[in-house]
Amino acid sequence: MSESLRAFGYELPSAIADLVDNSIFAGAKNVWVDFNWGGENSTISVTDDGCGMSEERLINAMRPGSRNPLENRDPKDLGRYGLGLKTASFSQCRRFTVRSKTGIKKSATRCWDLDFIATKNKWLLLREAGEKSEIYFQRLSNFGQGTTVLWEQMDRVVKGQNVDDENHKRFFHGRIEGVEKHLAMVFHRFMEGTGRLKIFVNNNKVEPWDPFLKSEKATQQIGDERIMHFQKDIKVIPYVLPHISKLTPEKHVRAAGLRGWNLHQGFYVYRNERLLVPGDWLGLSMAKEEHFKLARIQLDIPNTMDQEWEIDVTKSKARPPDVLRKELKYIADVTRKRASDIYRHRGRVIARASSQGYVFVWQQKAKHGKYFYRVNRDHPLIKQALKTHEKIVEQLLRMVEETVPAPLVALTNSEDPDKHSTPFEGAPSKEILDLISQVYRAMVISKVPRSTAVERLRVMEPFDSYPELVQAFLEQLNGDEE
């Protein structure tokens with residue numbers, strides 16, 4: 001049974017998050033996660049300044065299945081099965097020690113060692129950490145109360161790794177970033193605002209990752225839905241995130257999260273503000289497609305619905321009850337449509353039609369049930385080129401149109417949706433300004449009033465993504481005219 005407790009499917013980040021759950025429920029204001037490199041003797045510890053545990057409570061907490069999952073829980077409790085501490089720890093190591101202090105009496109220590117259990121063939125809980133392990137409890141000694149969980153013999157993390165091997169060391173330290181990003185995502189609501197939870201990974205403060213970009217003006221909140229189920233309130237808040245053109249490059253990269261924009265679309269299921277599912281369409285027969293990637297939906301459930309939502313021990317999966325699926329699908333459909341509309345409006349996919357024919361360079365057409373793509377002859381620059389060299393320009397356009405690599409674009413889009421460059425990405429400003437000038441001149445030559453030409457430049461693809469350059473051109477134009 002002790003070996004079977006290791007097979008619950010934890011990844012390292014989710015296992016550490018399970019320990020942080022306990023720290024939060026203990027009322028901790030600060031949590032420290034420390035990675036210590038030592039080859040196969042590497043350790044990871046999690047320390048908090050929460051209320052701590054008496055010796056009696058600690059012994060009970062170390063017992064597998066220490067609580068009945070059917071019993072009523074504190075509304076703020078993040079656990080359910082009484083297994084998290086044990087299964088999360090055993091999933092990564094063969095020996096883990098917990099030391100806790102309540103501020104009234106001296107600290108209490110207990111240790112599970114799977115090799116010792118196997119040798120004795122008994123559930124024997126050790127009372128001490130071991131002399132070599134004392135150094136890892138020094139942080140706790142600075143507090144009047146709190147708890148430290150220490151992982152040793154981490155065969156699932158560093159088995160076969162040599163302390164002097166630089167590649168092994170880099171791999172170990174590379175795991176730190178993944179843990180930090182996971183904690184920033186899972187506990188972001190606990191860390192947002194002043195006086196809230198602080199988490200440190202190797203003494204670096206973790207900054208919360210808000211998947212909904214609520215601080216951005218261009219983020220759209222679509223209503224605030226309340227669904228009643230078994231007399232319990234389920235809160236659903238759909239968001240449509242800003243297009244890339246509304247974000248700085250740094251914000252766009254950070255908003256992509258651990259898995260990228262495309263994979264992070266969907267429902268974000270929270271239980272007591274703790275994130276369980278970071279973007280998923282919850283089996284509602286909806287695919288994760290590029291033009292829906294701005295859709296993210298916050299969904300809050302209380303901890304009394306674990307069974308109905310099929311919450312597992314690792315707290316990384318959730319499935320809605322059948323009676324809620326229709327309503328959730330409706331909310332998802334509305335949010336996805338809004339996300340798609342914005343995406344299309346900003347030109348990230350080719351517009352099907354527009355009352356302003358001059359705006360788009362490409363047009364999507366349909367004939368006999370098949371789509372094809374044509375260069376927009378009403379675009380000012382193309383119209384001017386056709387007037388000057390009609391035959392050769394028309395032949396060139398037809399050759400380009402007939403060889404559009406649509407299958408390759410679709411394949412690349414599905415495999416690497418965030419790898420496509422944006423129009424004129426990385427191009428010098430002068431190049432874009434020169435093109436703006438050419439388009440403006442083409443409109444003026446074709447008898448478009450100057451004021452109208454100026455307004456068209458502001459909404460024309462791809463200049464709508466460079467409003468500052470359009471403004472710079474107009475200021476230069478006004479200066480030349482004066």
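The residues on offer are E207, E177, E225, E166, and the sole one that is closer than 18 Å to N272 by Cα and open to solvent by 60 Å² or more (accessible area, probe 1.4 Å) is E225. Out of D164, D115, one residue alone is of a type in the set (D, E), under 21 Å from W37 (Cα atoms) and outside any strand (DSSP E or B). It is D164.
A search for C-beta distances below 7 Å between a residue of the range 322-339 that is at pLDDT 90 or above and any residue that is open to solvent by 70 Å² or more (accessible area, probe 1.4 Å) and outside any helix (DSSP H, G or I), counting only pairs 6+ apart in sequence or on different chains, returns I331/E225.
Applying a threshold of 8 Å to beta carbon distances and a minimum spacing of six or more residues, or different chains, the list of pairs starting in the range 94-112 at a residue that is at positive phi and ending at one that is surrounded by fewer than 22 Cβ atoms within 10 Å (Cβ to Cβ) reads G103/G144; G103/Q145. Among the residues of the range 417-476, those that are farther than 30 Å from K288 by Cα and part of a loop (DSSP other than H, G, I, E, B) comprise A427, P428, S446, K447, V448, P449. From the list S215, S316, the one residue that fits, being open to solvent by 50 Å² or more (accessible area, probe 1.4 Å), assigned to a loop (DSSP other than H, G, I, E, B), of a type in the set (G, A, S) and at pLDDT 90 or above, is S215. Somewhere in the range 1-23, is a residue open to solvent by 50 Å² or more (accessible area, probe 1.4 Å) and touching a Lys or Arg at 6+ places or on another chain (Cβ under 8 Å)? Looking for residues that are open to solvent by 50 Å² or more (accessible area, probe 1.4 Å) and touching a Lys or Arg at 6+ places or on another chain (Cβ under 8 Å), one finds none in the range 1-23, hence no.
Each residue in the range 452-465 was checked for being exposed (fewer than 14 other Cβ atoms within 10 Å of the Cβ) and among the hydroxyl-bearing types (S, T, Y), and 1 of them qualify.
Out of all the residues in the range 105-116, is one or more modelled with pLDDT under 90 and surrounded by fewer than 20 Cβ atoms within 10 Å (Cβ to Cβ)? Checked the range 105-116: at least one residue is modelled with pLDDT under 90 and surrounded by fewer than 20 Cβ atoms within 10 Å (Cβ to Cβ). All conditions in (1) open to solvent by less than 40 Å² (accessible area, probe 1.4 Å); (2) at pLDDT 95 or above; (3) more than 29 Å from D280 (Cα to Cα) hold for F187, with the sole exception of (3).
Inspect all residues belonging to the range 141-151 and state whether any of them is of a type in the set (S, T, Y), without any contact (Cβ under 8 Å) to a residue 40 or more places away in the chain and open to solvent by less than 80 Å² (accessible area, probe 1.4 Å). Looking through the range 141-151, at least one residue is of a type in the set (S, T, Y), without any contact (Cβ under 8 Å) to a residue 40 or more places away in the chain and open to solvent by less than 80 Å² (accessible area, probe 1.4 Å). Can you say whether L276 is on the phi > 0 side of the Ramachandran plot, crowded, with 20+ Cβ neighbours inside 10 Å and in contact (Cβ under 8 Å) with a residue 40 or more places away in the chain, as far as the supplied structure shows? Considered against the rule, which asks whether it is on the phi > 0 side of the Ramachandran plot, crowded, with 20+ Cβ neighbours inside 10 Å and in contact (Cβ under 8 Å) with a residue 40 or more places away in the chain, L276 comes out as no.
Just checking, which of G257, G223 is of a type in the set (G, A, S) and under 16 Å from E327 (Cβ atoms)?
Just one listed residue meets the conditions, G223.
Out of D49, D34, one residue alone is of a type in the set (D, E, K, R), in contact with a helix residue (DSSP H, G or I) (Cβ under 8 Å, 6 or more places away or on another chain) and at pLDDT 95 or above. It is D34.
If only residues of the range 396-451 that are open to solvent by less than 50 Å² (accessible area, probe 1.4 Å) and of a type in the set (S, T, N, Q) are counted, the one that is modelled with the lowest pLDDT is N413.
Could you please find all residues in the range 32-59 being closer than 29 Å to N167 by Cα and open to solvent by less than 10 Å² (accessible area, probe 1.4 Å)? Matches in the range 32-59: V33, G39, S42, T43, I44, S45, V46, T47.
For (1) at pLDDT 95 or above; (2) in a strand (DSSP E or B); (3) of a type outside the set (G, A, S); (4) over 16 Å from I297 (Cβ atoms), each residue gets a yes or a no:
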residue: M228; (1), (2), (3), (4): no, yes, yes, yes
residue: D233; (1), (2), (3), (4): no, yes, yes, yes
residue: S245; (1), (2), (3), (4): no, no, no, yes
residue: V253; (1), (2), (3), (4): no, no, yes, yes
residue: W261; (1), (2), (3), (4): no, no, yes, no
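Consider the range 136-156 and keep the residues that are assigned to a helix (DSSP H, G or I) and not small (G, A, S). The one that is nearest to L114 (Cα to Cα) is D155.
Of all residues in the range 234-276, those satisfying the criterion of being β-branched (V, I, T) and either in contact with a Gly (Cβ under 8 Å, 6 or more places away or on another chain) or more than 20 Å from T335 (Cα to Cα) (or both) are I237, T248, V253.
Out of the residues in the range 77-99 that are among the hydroxyl-bearing types (S, T, Y) and modelled with pLDDT of 80 or more, state the one that is farthest from F35 (Cα to Cα). This residue is T87. Which condition breaks for F200 when tested against (1) open to solvent by 30 Å² or more (accessible area, probe 1.4 Å); (2) part of a helix (DSSP H, G or I); (3) modelled with pLDDT of 95 or more? With (1) open to solvent by 30 Å² or more (accessible area, probe 1.4 Å); (2) part of a helix (DSSP H, G or I); (3) modelled with pLDDT of 95 or more applied to F200, the lone miss is (2).
The values are calculated or read from the model by the stated rules, or taken from the named source; none is laboratory data. All of these numbers come straight from a predicted model, not from anything done at the bench. Every residue, glycine as well, gets a Cβ built from its backbone with ideal geometry; the counts of neighbours run over all protein chains shown. SASA here: full protein model, heavy atoms, side chains in, ligands and nucleic acids out. Shrake-Rupley method; radii C 1.70, N 1.55, O 1.52, S 1.80 Å.
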